[in-house]
Amino acid sequence: MRTNGKDLNRNLLTDRFGRTVDYVRISVTGACNLRCTYCLREEDAPARPVGELDTAQIKKIICALGKTGIRKVRFTGGEPLLRRDLEELVAAARNTAGIESVKLTTNGLLLERRLLSLLDAGLGGINLSLDTLDASKFLAITRRNEFEKVRRSLDMLLENRGVKLKINTLLLRGINQDEIPAFAALTRAHAITVRFMELQPFDDHQIWRTGRFMGADMIREHLYQAFPDLEPITGHATEHYSYRIPGHLGSIAIIPAYSRNFCSRCTRLRITADGRLVSCLYHHESIPLMPLLQADATEEELRKAITDAVIRKPKDGRNSGDGHAVSSMSQIGG
Ligand code: SAM
């Protein structure tokens, strides 16, 4: 059944094109403690950005989202672990009516000391963004000499069988493509998913034009060269190619975020760190929630803003959009 906005009987949020929108990515800060060359310039993302949503405002938005039909929440950033209230936000989301899963995307730099408290708060899964297992390449890619901290977080995650872990590795031609076998080998003894990602042109000032893009087909070739007995399996919708190496506990996926168009299956809303509600990565249009929150809006008013965003979600933003909603993934949380 198609509806414009919310289907009251089923508590589903469906858009004009029949897509059920049940997933929100909430950027809890624009600040980041790395400066990945494909994402940020050195001078970007101040340490303490102003005008960001506070704890109570984020909780209020999640409450309205849960009542409107959103089922899955992912906290992202910037770097979400820069927020001291992340455990509180995870617990609040976990206890919100309607919300079924709460997950986190992080670079892992500050994770070691907080992993257990986050799991206690109800965190259901972690996507660790990690592009290299080599300390000097880590410095070259992230402009920060912090590999050892991330390595310790990775080891802790791999040892903790209670964590649903996905490692997101952005592949850059001539920089880390030789690490495909090493990342894939992590699936041997661990029931994790290693996901190789394509670069997207969300950095108009940086490396998009320098020939570093590595497409899914080329990633697949490298993977087959290293593991000729790779078995295709069925993965998550965005994991266009999913594989298992025979005898390995985990799986491997390739996310063709640039070379394939996922608009027809897009189930997402995004909230930026300053409270803008974004229904499409490729449209500038957004609904600012901050003025509503500052005016002490009722839950009904917030729910109406959410429904409005879903109604306006374009059919195929990638081909009809007015440019990218952001110039860096850090503004919108990847
Ligand atoms: N700081 C957190 C992290 O590192 O996971 C969350 C924010 S970060 C912007 C989220 C993801 O976006 C990371 O996995 C990063 O690799 C990815 N990303 C950033 N810029 C990108 C680009 N131009 N193309 C593809 N992925 C990008």
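The values are calculated or read from the model by the stated rules, or taken from the named source; none is laboratory data. Note that the structure is predicted; figures quoted are calculated from it, not measured. A quick note on method: Cβ atoms are made from the backbone with ideal geometry, for glycine too, and the neighbour counts reach across all protein chains shown. Remember, those area values only see protein heavy atoms, side chains included, never the ligands or the DNA or RNA. Shrake-Rupley method; radii C 1.70, N 1.55, O 1.52, S 1.80 Å.
Quick notes
- Among the residues of this structure, LEU116 counts as one that is open to solvent by 30 Å² or more (accessible area, probe 1.4 Å) and not charged (D, E, K, R).
- Pairs where the first residue, in segment 134-163, is on the phi > 0 side of the Ramachandran plot and the second is at pLDDT below 95 and open to solvent by 70 Å² or more (accessible area, probe 1.4 Å), C-beta under 7 Å, 6+ apart: ARG143/GLU42
- Answer from SER242, SER327, SER279 - the residue that is polar (S, T, N, Q), more than 28 Å from PHE183 (Cα to Cα) and at pLDDT 85 or above: SER279
- Being within 16 Å of the ligand (Cβ to nearest atom), buried (at least 20 other Cβ atoms within 10 Å of the Cβ) and not in a loop (DSSP other than H, G, I, E, B) is a property that does not hold for ALA273.
- When each of PRO228, PRO201, PRO246 is tested for being part of a loop (DSSP other than H, G, I, E, B) and open to solvent by 70 Å² or more (accessible area, probe 1.4 Å), the lone residue that passes is PRO228.
- Residues within segment 265-300 that are in contact with a strand residue (DSSP E or B) (Cβ under 6 Å, 6 or more places away or on another chain) and among the aliphatic types (A, V, I, L, M), tallied: 7
- Here HIS190 meets the list (1) open to solvent by less than 30 Å² (accessible area, probe 1.4 Å); (2) away from the ligand (no atom under 14 Å from the Cβ) almost entirely, failing just condition (1).
- Candidates ILE70, ILE126 - the one that is touching a residue at least 60 places away in the same chain (Cβ under 8 Å), within 25 Å of HIS236 (Cα to Cα), among the aliphatic types (A, V, I, L, M) and buried (at least 16 other Cβ atoms within 10 Å of the Cβ): ILE70
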